[in-house]
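Following: one structure in C-alpha cells, then a few remarks.
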Amino acid sequence: MKKIVALMGIFALILTSCDNQSKVKEVKVGTTASIEVPVSLSDAKNLNDAAIFQMENGPQELYVIVIESEKAEYLDLVKESTGIMAEAFTPDLKGYSELVSSSILSNADLEADEELKQVTTNGLSTYVGTYQGMYEGVKVYYKLACVEGKDKYYQVLTWSLADKKEANLPAMTKMISSFKEI
C-alpha cells in the first residue's frame, strides 16, 4: 500500500511539472518587447552579462535570454569593416543572424542542428536555427531566433540539456514564436 501511495505521489509530481510547462505568462523584455514563458521559469541574473532578459528553471534545465542590439550600430559596423567581416556578413538581418550564429559556434563545441531559416514571428522578420554539442563538458541543445524589430535586432536564445530536449522543445519553440515588439 505504501508503494502505491509513493508511486501516486511521483505520478502527481510529473503531471504537475508537465502542466507548468504548458501554462505560460507574458513577460516584458526591457521596454520594447514581450515574450511568453512557462510559469515555471523564474528570473535569473547570471546567464549572460549582455542579456536584457534572463529566466530559468534549473530543475527542468530550461533557460532563455534575450539580447538586443541597435540596428544602426550593427549596420555601421558592417559598412565600416573591411576584409573578412565585410565579405562574410551583409548589412541586414540575415548578416546579423549569421554573425550571431558563427559566434555561438565559435564559443562552444557545437554544430548547427538546423541551418538558419527565415520565418515570420508576430509580423517580424526572423531567422531561427538550432545547435547541439558540448558546452563546458555538458551535452546541450540551443534554439536561436534573431528577430528584426523597428530599431533593434533581438537574439532570443533558449537552451536545455540535450537529454531534456524532447521534454523542453515545445516550450522553447513557444517562447520564440511568442516574441513580439510592443
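For the stretch 137-152, how many residues are touching a residue at least 12 places away in the same chain (Cβ under 8 Å) and over 14 Å from the mean Cα position of the chain (by Cα)?
Qualifying residue count, the stretch 137-152: 7.
This table checks each residue for (1) touching a residue at least 12 places away in the same chain (Cβ under 8 Å); (2) within 22 Å of MET175 (Cβ to Cβ).
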site	(1), (2)
GLU80	no, no
MET85	no, no
SER101	yes, yes
ALA108	yes, yes
ASP113	yes, yes
VAL119	no, yes
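Please go through the stretch 101-111 and pick out each residue that is more than 16 Å from THR158 (Cβ to Cβ) and either open to solvent by less than 90 Å² (accessible area, probe 1.4 Å) or not acidic (Asp, Glu) (or both).
SER102, SER103, LEU105, SER106, ASN107
Filter the stretch 133-156 down to residues that are open to solvent by 60 Å² or more (accessible area, probe 1.4 Å) and either within 22 Å of SER178 (Cβ to Cβ) or touching a strand residue (DSSP E or B) at 6+ places or on another chain (Cβ under 6 Å) (or both), then give me how many there are.
3
Residues being hydrophobic (A, V, I, L, M, F, W, C) and open to solvent by 50 Å² or more (accessible area, probe 1.4 Å): count how many of those fall in the stretch 21-35. Step through it out loud before you land on a result.
Applying the first criterion (hydrophobic (A, V, I, L, M, F, W, C)) to the stretch 21-35 yields 24, 27, 29, 33, 35.
Keeping just the survivors that are open to solvent by 50 Å² or more (accessible area, probe 1.4 Å) gives 24.
Qualifying residue count, the stretch 21-35: 1.
Report, by residue number, each residue of the stretch 36-57 that is more than 19 Å from PRO170 (Cβ to Cβ), outside any strand (DSSP E or B) and either open to solvent by 30 Å² or more (accessible area, probe 1.4 Å) or of a type in the set (Val, Ile, Thr) (or both). Break it down stepwise before answering.
Step one: of the stretch 36-57, the residues more than 19 Å from PRO170 (Cβ to Cβ) are 42-54.
Of the ones still in play, those that are also outside any strand (DSSP E or B) are 44-52.
Passing the criteria: LYS45, ASN46, LEU47, ASN48, ASP49, ALA50, ILE52.
Which residues, taken from the stretch 164-182, are under 13 Å from the mean Cα position of the chain (by Cα), open to solvent by 30 Å² or more (accessible area, probe 1.4 Å) and not basic (Lys, Arg)?
Listed by number, the residues that qualify are LEU169, PRO170, THR173, SER177.
Given the conditions (1) touching a Ser or Thr at 6+ places or on another chain (Cβ under 9 Å); (2) in contact (Cβ under 8 Å) with a residue 60 or more places away in the chain; (3) open to solvent by 40 Å² or more (accessible area, probe 1.4 Å), report the number of the one that LEU161 does not fulfil.
Here LEU161 meets the rest and fails (1).
Determine whether GLU68 is without any contact (Cβ under 8 Å) to a residue 24 or more places away in the chain, of a type in the set (Asp, Glu) and not in a loop (DSSP other than H, G, I, E, B). Steps first, please.
Working: without any contact (Cβ under 8 Å) to a residue 24 or more places away in the chain: no; of a type in the set (Asp, Glu): yes; not in a loop (DSSP other than H, G, I, E, B): yes.
No; evaluated as a whole, the condition is false for this residue.
Name the pairs whose Cβ atoms lie under 7 Å apart, with the first residue in the stretch 31-55 and under 10 Å from ILE65 (Cα atoms), the second in a loop (DSSP other than H, G, I, E, B), and 6 or more positions between them or separate chains?
ILE52/GLY30; PHE53/GLY30; GLN54/ALA44; GLN54/LYS45; GLN54/LEU47; GLN54/ASN48; MET55/LEU41; MET55/ALA44
How many residues does the stretch 72-92 contain that are at pLDDT 90 or above, surrounded by 11 or more Cβ atoms within 10 Å (Cβ to Cβ) and of a type in the set (Gly, Ala, Ser)?
So the answer is 0.
The values are calculated or read from the model by the stated rules, or taken from the named source; none is laboratory data. Nothing here was measured: the structure is a model prediction, and the numbers come from that model. Backbone-built Cβ (ideal geometry, glycine too); neighbour counts: all protein chains shown. Note: areas computed on protein heavy atoms with side chains; ligands, DNA, RNA excluded. Shrake-Rupley method; radii C 1.70, N 1.55, O 1.52, S 1.80 Å.
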